[in-house]
Amino acid sequence: MKTNILSILSVVLLSALVIGCGSGSKNEVLYMVTEATFPPYEFRQGDDIVGIEVDIVKEIAKELGRPLKMEDMKFDSVIPCVQSGKADFAASGITVTEDRKKNVDFSIPFVKTGLVIVCRKDAPVANAADLKGKTIGVQSSSTSDIYVTQNICEPDRYENAPLAVQALRAKRVDAVVCDQDPAYAMAKNDDSIMILPELLTEEEYAIAFKKGSPLVEAANKVIERMKADGSLEASLKKWRAEMPSAD
Ligand code: GLN
């Protein structure tokens, strides 16, 4: 009798596990990973993680009828976490690149942006060519890291862009290359630093899923809808205006 109950229980548990795979059953937690020092896309406001991408993923969770769990971690862990299937997706201002496409599937992009140069006003940099021979700070594993390494020099790598900008203020680096919107957040209340107007790259952000994930379709549907009904534009406007200093 005991064995019978045990085998019934294990069948029930196994089926729950199998059903738990795929696009996930309703009510099953949708597990997102991010690095929340990236305003206006994802950043901390008190105990909450908020921003443009958070608005998008909340809509995706609603579309799927699943509760959302967000975990804040180092940027260089977010893609591996999705790739291994530990998380359902990563929403972390991730730029779509051909290399990353080999490891994850992306949703359609939700914004077009690029990289900028941040420098100190007392030691200005004129343009990208002027970066040669200088010490440049970047966020490790980011597109800035890739850009500077491939086009300029071996950069000084930091865990996130705010830490790279702290090094700039402390004169440990001569310039920082980072994403445009977070750069504006960092320069917002800081008279000692400036952003060059020139965009070094053209990039698009999208949400990253495990290869073959059926969730991409729901994400694309939501992003299309938010583009069409103006709610994405409203979210961009709102969070860009409310952007705190990213440090
Ligand atoms: N957009 C950059 C990248 O994808 C940086 C993202 C981030 O720091 N959150 O590498």
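Each reported figure results from applying straightforward, stated rules to the coordinates on display, with no laboratory input. Keep in mind the model is a prediction, meaning the values are calculated, not measured. Positions of Cβ are backbone-derived with ideal geometry, glycine not excepted, and every protein chain shown enters the neighbour counts.
Which FRET efficiency value, to the nearest 0.05, do you get for M194 and K237 by plugging their Cβ-Cβ distance into 1/(1 + (r/R0)^6) with R0 = 22 Å? Mind showing how you got there, number by number?
Details: r = 24 Å, r/R0 = 1.09.
Using R0 = 22 Å, I get an efficiency of 0.40.
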Relative contact order of region 147-247, pairs being alpha-carbon contacts under 8 Å that are 6 or more residues apart, as %: 29
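Viscosity 1.002 mPa s, temperature 20 °C: what is the translational diffusion coefficient of region 91-168 from Stokes-Einstein with a Kirkwood Rh over Cα pairs, rounded to a whole number of µm²/s?
Value of D from the Cα-based Kirkwood radius: 153 µm²/s.
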Label-point separation, A123 to K74 (7 Å along Cα→Cβ), nm: 2.7
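Test of understanding: ordering S77, S213, S245 by Cβ neighbours within 10 Å, fewest first, what list do you get?
S245, S77, S213
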Whole-number percent relative contact order across the chain, with pairs defined as alpha carbons under 8 Å at least 6 apart: 27
For region 97-227: rounded, prolate or oblate by the Cα gyration tensor [a/c cutoff 1.5]: prolate
Label zone at K227 (point 7 Å along Cα-to-Cβ), backbone N below 19 Å, region 81-103: 91-98, 101
Student exercise, the chain dipole from Lys, Arg, Asp, Glu Cβ charges, in Debye to nearest 20: 560
Charge dipole of the chain about the Cα centre (unit charges at C-beta), most positive-ward option of V125, P155, I195: P155
Tensor-based shape of region 37-112 (alpha-carbon gyration tensor, a/c under 1.5 rounded, otherwise prolate or oblate): rounded
Helix-derived mean residue ellipticity, 222 nm - over the chain, DSSP H n ≥ 4, -39500 (n - 2.57), to 500: -12000 deg cm²/dmol
Cβ-based exposure ranking for E198, E35, E28, in which fewest neighbours within 10 Å come first: E198, E28, E35
Length gained when the stretch R44-N27 is fully extended (0.36 nm per residue, less Cα-Cα span): 3.6 nm
Stokes-Einstein D in µm²/s, Kirkwood radius over Cα pairs - the chain at 4 °C with 1.567 mPa s viscosity: 67
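Rounded to the nearest 5, what % of the DSSP beta bridges within the chain are antiparallel ones?
65
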Loop trypsin sites (Lys or Arg not before Pro), region 201-242, which have at most 14 other Cβ atoms in a 10 Å radius of their Cβ (DSSP): K211
Kirkwood Rh in Å, taken over region 33-168 so that all alpha-carbon pairs contribute: 16.4
Fewest-first ranking of E217, E203, using other Cβ atoms within 10 Å as the exposure measure: E217, E203
